[in-house]
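Visitor: Take this structure, written in structure tokens, and hold onto it; I'll ask about it next.
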Amino acid sequence: MSDETNRITRLEEMLAHQAKTIEELSDQLAEQWKIVEQMRTKLDRLTERFLSLEEQSLEAPAITRPPHY
């Protein structure tokens with residue numbers, strides 16, 4: 001094989017390897033994005049729950065002395 005053919009073959013191999021790597025990274029990024037979205041949803045639910053509990057605690061009756069004092 002000529003030097004040009006060897007060079008082209010190496011470039012094609014490198015390109016195939018890079019394309020595979022990009023695809024793997026894209027898949028990993030998509031999976032991590034799903035996890036981020038799940039965590040964001042959970043955080044939103046927890047925030048709503050916390051605010052609801054906080055509002056309920058504000059409406060609690062004042063602490064008074066028991067009647068036997």
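The values are calculated or read from the model by the stated rules, or taken from the named source; none is laboratory data. The shown structure was predicted, so the numbers you read here are calculated from the model rather than taken from an experiment. Neighbour counts are summed over all protein chains in view; Cβ atoms, including those assigned to glycine, are modelled from backbone coordinates with ideal geometry. The protein model used for the area step is the full one, side chains on, heavy atoms only, and it has no ligands, DNA or RNA in it. Shrake-Rupley method; radii C 1.70, N 1.55, O 1.52, S 1.80 Å.
Visitor: State the percentage of accessible surface on the chain attributable to carbon and sulfur atoms; use a 1.4 Å probe and exclude ligands, DNA and RNA.
Guide: Its accessible area is 59 percent carbon and sulfur atoms.
Visitor: Given points 7 Å out from each Cα along the Cα-Cβ axis, report the residue 64 to residue 28 separation in nanometres with one decimal.
Guide: 6.4 nm
Visitor: Counting only heavy atoms of protein chains, what accessible area per residue, in Å², does the chain have with a probe of 1.4 Å?
Guide: In whole numbers, the chain has 104 Å² accessible per residue.
Visitor: On a 0 to 90 degree scale, rounded to 10, what angle separates helix 3-58 from the longest Cα axis of the chain?
Guide: 0 degrees
Visitor: Hey, another quick one. Would you mind working out the magnitude of the charge dipole of the chain relative to its Cα centre, with +1 at each Lys and Arg C-beta and -1 at each Asp and Glu C-beta, to the nearest 20 Debye?
Guide: 480 debye
Visitor: Now, a different point. What whole-number volume per residue, in cubic angstrom, does the convex hull of the C-alpha atoms of the chain give?
Guide: Per-residue hull volume (Cα only) is 102 Å³.
Visitor: Continuing with the same structure: Label residue 39 and residue 52 with points 7 Å out from Cα along Cα→Cβ: what is the distance between them in nm?
Guide: 2.4 nm
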